[in-house]
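Contents: one structure, followed by commentary.
The values are calculated or read from the model by the stated rules, or taken from the named source; none is laboratory data. Everything quoted here is computed from the prediction, not taken from an experiment. Every residue, glycine as well, gets a Cβ built from its backbone with ideal geometry; the counts of neighbours run over all protein chains shown. These area figures cover heavy atoms from the full protein model, side chains too; ligands, DNA and RNA do not enter into them. Shrake-Rupley method; radii C 1.70, N 1.55, O 1.52, S 1.80 Å.
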Amino acid sequence: MNPRAAPKRMGRPVRRPGEPSTRDRILGAAIRLFSENGYEGTSIKEITRAVNLTESAFYRHFKGKDELLAEIIAAVEGMVHQPLPGPEGQPAGGASVFRHLFEIPADAFGNNPVALHVCRFFFMECPRNERIRAYLKRAMEQLADLEVGRILEEEIEAGRILPCDVREVSRLVNVLRYQWCYQVAILDWDEGYDPEKSKRDLDPVIRFFEGLYSPGEQKTRQDVSRALSQREE
């Protein structure tokens with residue numbers, strides 16, 4: 001040993017550029033384990049083992065699972081409740097508002113698997129966790145309907161869809177979107193997630209709304225109906 005060598009400095013390892021913070025790693029591991037084993041079925045010890053931390057290191061970042069859950073809900077609110085992009089500015093013949101509304105979550109799950117794990121975790125825990133149930137109720141029954149309603153009103157004003165009962169159509173769109181989320185996050189979980197398959201599965205629903213509310217589709221139906229009437233005459 002060289003007596004002149006500088007002593008090694010002790011402390012936390014330096015995080016490399018682009019690496020998630022320890023706090024984010026804990027959150028990611030917790031979400032994955034909660035979605036696999038449930039909230040009550042996951043221990044702090046299992047979370048720390050997944051990210052190679054001691055329990056004391058965990059408690060430097062979170063007081064416990066309750067604080068973890070609060071942060072997960074806050075993160076989801078920040079992610080989900082950003083304004084949805086509508087199809088405005090798209091070239092003529094571009095995707096309809098209904099295709100955007102249904103395919104945005106399909107792409108989101110493909111681009112960010114953590115979002116799919118959160119969705120599964122929330123659906124699993126909703127019947128027995130009041131905090132998650134209250135969040136989903138507010139998100140599904142209030143915030144989502146308001147946001148989709150805002151987009152539909154803009155589309156009606158721009159003449160891109162026909163006038164309709166915005167409140168009722170928004171509710172129906174969101175009921176079907178959440179039904180699809182439950183399908184991929186719970187019922188079809190073991191099959192793995194394929195965003196392109198999801199888009200194919202959603203296509204009949206999208207075309208149903210387009211057939212009812214897209215001006216071009218209505219004109220086509222009217223032309224067909226008029227042609228049939230002329231043939232009968």
Worksheet item: Among the residues of the stretch 152-172, which ones are outside any helix (DSSP H, G or I) and in contact with a helix residue (DSSP H, G or I) (Cβ under 8 Å, 6 or more places away or on another chain)?
Response: G159, R160, I161, L162, P163, C164
Worksheet item: In this structure, is R25 over 17 Å from V114 (Cβ atoms), assigned to a helix (DSSP H, G or I) and open to solvent by 40 Å² or more (accessible area, probe 1.4 Å)?
Response: no
Item to complete: Could you tell me which of the residues F62, F34 is assigned to a loop (DSSP other than H, G, I, E, B) and either modelled with pLDDT of 95 or more or buried (at least 18 other Cβ atoms within 10 Å of the Cβ) (or both)?
Response: F62
Discussion item. I need every pair where a residue in the stretch 70-83 that is at pLDDT 85 or above has its Cβ under 7 Å from the Cβ of a residue that is open to solvent by less than 40 Å² (accessible area, probe 1.4 Å), sequence separation at least 6 or different chains.
Written reply: E71/L27; I72/L27; I72/I31; I72/V118; I73/Y135; V76/V118
Item to complete: Sort through R160, R131, R138 and tell me the only one that's free of Cβ contacts under 8 Å to residues at least 60 places away in the same chain and either under 24 Å from L33 (Cβ atoms) or not small (G, A, S) (or both).
Response: R138
Worksheet item: Among the listed residues G211, G149, which satisfies the condition of being more than 30 Å from A70 (Cβ to Cβ), part of a helix (DSSP H, G or I) and open to solvent by less than 20 Å² (accessible area, probe 1.4 Å)?
Response: G211
Discussion item. Can you find a residue that is farther than 30 Å from E155 by Cα, polar (S, T, N, Q) and at pLDDT below 95 anywhere in the stretch 96-108?
Written reply: no
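Here's the yes/no breakdown for (1) acidic (D, E); (2) open to solvent by less than 60 Å² (accessible area, probe 1.4 Å); (3) closer than 19 Å to E210 by Cα:
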residue: R128; (1), (2), (3): no, no, no
residue: D145; (1), (2), (3): yes, yes, yes
residue: I156; (1), (2), (3): no, yes, yes
residue: V166; (1), (2), (3): no, yes, yes
residue: R171; (1), (2), (3): no, no, yes
Item to complete: For the stretch 173-193, enumerate the residues that are outside any helix (DSSP H, G or I) and either closer than 17 Å to F209 by Cα or without any contact (Cβ under 8 Å) to a residue 24 or more places away in the chain (or both).
Response: D188, G192
